[in-house]
Structures are given as structure tokens and as C-alpha cells.
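The values are calculated or read from the model by the stated rules, or taken from the named source; none is laboratory data. Just so you know, these numbers come straight off a predicted model, no measurement behind them. Every residue, glycine among them, receives a Cβ derived from its backbone with ideal geometry; neighbour counts consider all protein chains shown.
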Amino acid sequence: MSVKWNKTGKTTGELTFDISQNEVKLGLDQAFRRVKKNLRVPGFRKGHVSRVIFDQYYGEEALYENALNLVLPNAYSAAVKEAGIKAVGQPQVQPVSMDKGKDWTMKAIVTVQPEVKLGKYKGIEVPKQNTRVYAKDVDAELDKRRKQNAELVLKKGEAKKGDTVTIDYKGTINGKNFDGGSAKDYSLELGSGSFIPGFEDQLIGHKAGDDVDVVVTFPKNYGAKDLAGKEAHFATKLHEVKSKQLPKLDDEFAKDVDDSVDTLDQLKDKIKKNLKDQKENNAKEAIQQDSIEGAVKNATVDKIPDAMIQEDVDTQMNQYLGNMQRQGIDPQTYYKLTNSNEQQLRAQFGKDAAERVKTNLVLEAIVKKEGLKATKDEMNKEIKDLAKEYNMKEKVVRNTLTDDMLTHDITVRKAMDLITDSAKQVAKSKLKDDKKDDKKKSTKKSGKKDSKKSKK
């Protein structure tokens with residue numbers, strides 16, 4: 001195959017390539033088989049005309065368009081690979097020559113990935129993470145569990161925030177009832193925020209047996225458009241007021257909330273260990289995010305083509321809606337539930353698309369520079385992990401993903417680990433001082449440039 005690549009811009013170029021006569025003949029044969037069944041030629045039954053007769057009657061050239069559509073995808077992919085370019089989006093292909101009995105020559109206007117100039121990506125300074133677990137952290141978790149296991153006890157006094165009230169309510173707008181505005185014997189925790197803002201606050205300070213006229217205004221962005229922004233009156237009757245009675249903090253409590261422990265001290269130790277693991281995981285995620293952001297910031301990337309932005313948005317959309325479908329929610333149902341549409345969701349994913357693409361480009365550049373590879377064992381493990389995650393058979397996953405796709409994901413993660421593992425944790429105060437120094441240096445440099453310009 002004759003291939004010529006001529007770069008015309010930072011992310012554009014012309015790719016000229018040939019389609020061999022052998023490929024052309026195969027394409028013509030396949031095109032003929034597709035059109036043959038619908039052909040009507042005098043003297044022949046429908047679909048039974050020979051190739052020789054077809055060429056005599058219509059001419060071989062009648063098959064060229066169909067044949068080109070059949071052979072072009074593979075020929076273009078082979079040309080891209082031979083040229084050593086990373087094409088993105090759909091090319092604009094134009095025939096240069098399609099002479100009978102000769103190789104066909106094509107010219108494609110191609111968009112390619114932008115060049116990446118790596119900066120510092122090892123030893124990136126990131127804020128120091130505190131993974132220490134304090135006694136107050138353990139106490140807070142214990143208090144949380146006590147509240148979760150609290151009993152509701154009737155009280156005679158006024159309702160306070162955190163108490164649970166049993167109420168009847170009947171809502172009206174301009175004296176008229178509205179759908180969903182009434183209920184009987186409704187259990188409501190004051191301060192939970194489950195009702196319209198202001199509703200729960202107006203019940204605080206009242207006792208069982210009280211009648212309360214609750215006046216609230218529906219938020220302007222309320223889901224039901226016929227209620228949004230309107231003032232409503234709720235005739236509310238308090239039947240009961242209950243307060244939370246926290247269980248005693250002892251060994252019996254410990255065994256009730258966690259059957260793997262026998263004492264309160266054992267429960268505290270377990271909580272401390274879990275909190276430690278959680279903090280260490282959070283710290284690792286924070287270090288990874290900060291260090292990768294630093295590596296991306298230090299890199300220089302040419303303007304990202306729109307095709308790459310749109311491709312990223314498409315990927316994010318497919319992944320997100322795919323996850324929804326696995327939960328039994330199809331796209332149309334999702335849009336209805338969230339009061340949104342496809343355009344709004346695309347716009348949402350489009351906000352950070354350029355940064356995601358840039359990050360991926362930088363990581364791919366690091367993979368190339370470091371010569372990172374994916375082993376056969378790593379690829380097999382990736383397939384097993386994906387099969388387990390998506391509840392699919394390994395064979396199905398294997399058939400869905402190419403070696404290039406598996407290698408890409410594995411090596412990119414290796415690049416992420418390389419950046420993260422080499423990161424240096426420093427005090428936040430030092431990072432702030434360094435940023436101030438950098439700002440001063442840049443200000444001085446710009447000042448010098450300005451003075452030079454004024455002298456001229």
C-alpha cells in the first residue's frame with residue numbers, strides 16, 4: 001500500500017493512499033452479490049443474471065460506489081496505521097482516481113490528536129494528607145450509631161428539632177385543595193428537610209393536640225410546575241410528639257449493633273480500624289487527583305479538536321445511561337424523573353470534557369515515554385474484573401474488547417500509579433508560599449517585558 005501523510009495544521013492533514021486491485025476486485029464481487037438479487041435484465045429471471053452479462057449491460061463502473069463503500073473502511077484504517085498517525089473523528093474522503101484495471105487512489109482530510117509536550121510528572125508536590133484517627137472521630141461514629149438505634153418515646157412538652165411528630169395536614173392554595181397536599185397520621189422528623197423549606201420549622205415549639213396553620217411558599221424550581229413559586233396554607237393537627245431516647249453506651253449496645261464484637265472496647269477498636277482504612281483510601285484518592293492535575297498542568301497540549309470533545313461526551317453519556325439501564329431505568333424514564341433532556345445531559349458532560357481529554361492525552365504520552373506495557377496476565381485479570389463488575393460472561397467481555405482497548409486502560413492506570421506513587425506530600429502552608437513566590441516571579445518577568453516595550 002502506497003501511503004503519504006502531509007500535515008497541514010497542528011491537528012489536521014491530508015492522507016493519500018491506494019486501494020490495491022485485489023481489494024478493488026473483492027469489493028466489486030461483493031457489491032455485485034448484493035445488487036444481483038434485485039436485478040432485472042431482459043432474458044433472465046430476477047436475481048439470476050451473471051457477472052459477465054451485468055458488465056455488458058450496465059458496465060463495471062455501476063458497481064464502483066458500492067464497492068468503494070465496502071473496501072474503504074479497512075483500507076483507511078490500514079493507511080492510518082501505516083502512516084503512524086492517531087486519527088480522530090470522521091475523515092473527509094475524496095477519490096483521486098478510480099480507473100478500471102488500476103489501483104484506486106484516495107485522499108482523506110484527517111483530524112489527528114494534538115501533540116503533547118510533557119512537563120514534570122514525577123515528584124509532584126501535593127498537600128499532605130492527615131490519616132490519623134482521633135478519639136473524637138470514634139466518639140462521633142459511636143454517637144451516630146446510637147442515634148440510628150434510638151427508640152422514639154412519647155413526650156408531653158413542646159416539639160424540638162430532632163423530635164418526630166405525627167400529624168394530619170391539609171394544604172390549600174388560594175383556598176383550593178391540590179394534589180398531594182393532604183395526609184393523615186404522617187410521621188415527620190423535624191429538621192430532616194423532607195418537607196418544603198419552612199414547614200418543619202413552624203411545628204417546633206408546639207405540643208400534641210395543637211392546631212397549626214403552616215404557611216410556606218413552594219420553591220421556584222419545584223418539580224410540579226403548577227405549584228412552583230406559589231404560597232400554600234397547611235391546616236396541621238399534631239397528634240403526637242416523640243423524642244429519641246439514646247441507648248446506653250455499654251457492652252450490650254456494642255453486641256446489638258455489631259454481632260462480631262463482645263465488648264464496647266472491641267467495637268471502638270473496630271470503628272477505629274475502619275475509619276483508618278477509610279481515611280487512607282480517601283488520602284490516596286486525593287493524592288492521585290492532585291498529582292495527576294499537577295502533571296496535566298505542567299504539560300503543554302495543542303488545541304484539542306472538537307471531534308475529541310464530542311467523542312468524550314458520547315462516551316460519558318453512554319456509560320452514564322448504561323449504568324441507569326442496569327438499574328432498570330431507560331433514558332426516557334431518566335429524563336422524565338430528572339425533568340431534563342438529552343441536550344441538557346450532553347451540556348453537563350461537555351463542561352469538563354476538554355480537561356478529561358487533555359488528562360487522557362497526557363497519560364497516554366507518559367505511557368509512551370515510560371514504555372509501559374500490559375502483560376497477558378494483566379489483560380486476563382482485566383477481563384475477569386469487568387465480567388464480575390457487569391455480571392457478564394468472560395467470553396462476552398473478551399469478544400467485546402480488543403487487545404488495544406485492554407492495553408490502553410491497563411497502561412493508563414499504570415501511568416496514574418507512577419505519578420501518584422512518586423508524588424511528594426508537603427505541608428499546605430509550604431504549597432501556598434511556593435505559589436506566592438511563583439506569582440511574584442511571574443509579576444517581575446512581566447514588569448521587565450513592559451519596561452523593555454516602553455523603552456522601545
- Would a scan of segment 145-152 turn up a residue that is more than 30 Å from K81 (Cβ to Cβ) and part of a strand (DSSP E or B)? yes
- Please give the number of the condition F349 fails out of (1) touching a Pro at 6+ places or on another chain (Cβ under 8 Å); (2) free of Cβ contacts under 8 Å to residues at least 60 places away in the same chain. (1)
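Those residues that are among the β-branched types (V, I, T) and modelled with pLDDT of 95 or more, I need them from segment 376-400; list them, please. Working first, answer last.
Keep residues of segment 376-400 that are among the β-branched types (V, I, T), which gives 383, 396-397, 400.
Residue satisfying the conditions is I383 alone.
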- Message: Looking at segment 334-373 only, could you name the residues that are over 16 Å from the mean Cα position of the chain (by Cα), surrounded by 13 or more Cβ atoms within 10 Å (Cβ to Cβ) and hydrophobic (A, V, I, L, M, F, W, C)?
- Response: L361, V362, L363, A365, I366, V367, L372
- Criterion: under 30 Å from E151 (Cα atoms) and within 41 Å of the chain's Cα centre (by Cα) - qualifying residue of Y222, Y169, Y186: Y186
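Residues are listed down the side, and each one gets a yes or a no for (1) acidic (D, E); (2) part of a helix (DSSP H, G or I); (3) over 30 Å from K136 (Cβ atoms); (4) modelled with pLDDT of 95 or more:
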| site | (1), (2), (3), (4) |
| --- | --- |
| K207 | no, no, yes, yes |
| V241 | no, no, yes, yes |
| E252 | yes, yes, no, yes |
| N274 | no, yes, no, yes |
- Using the structure shown, decide if D262 is more than 19 Å from A150 (Cα to Cα), in a loop (DSSP other than H, G, I, E, B) and of a type in the set (D, E, K, R). yes
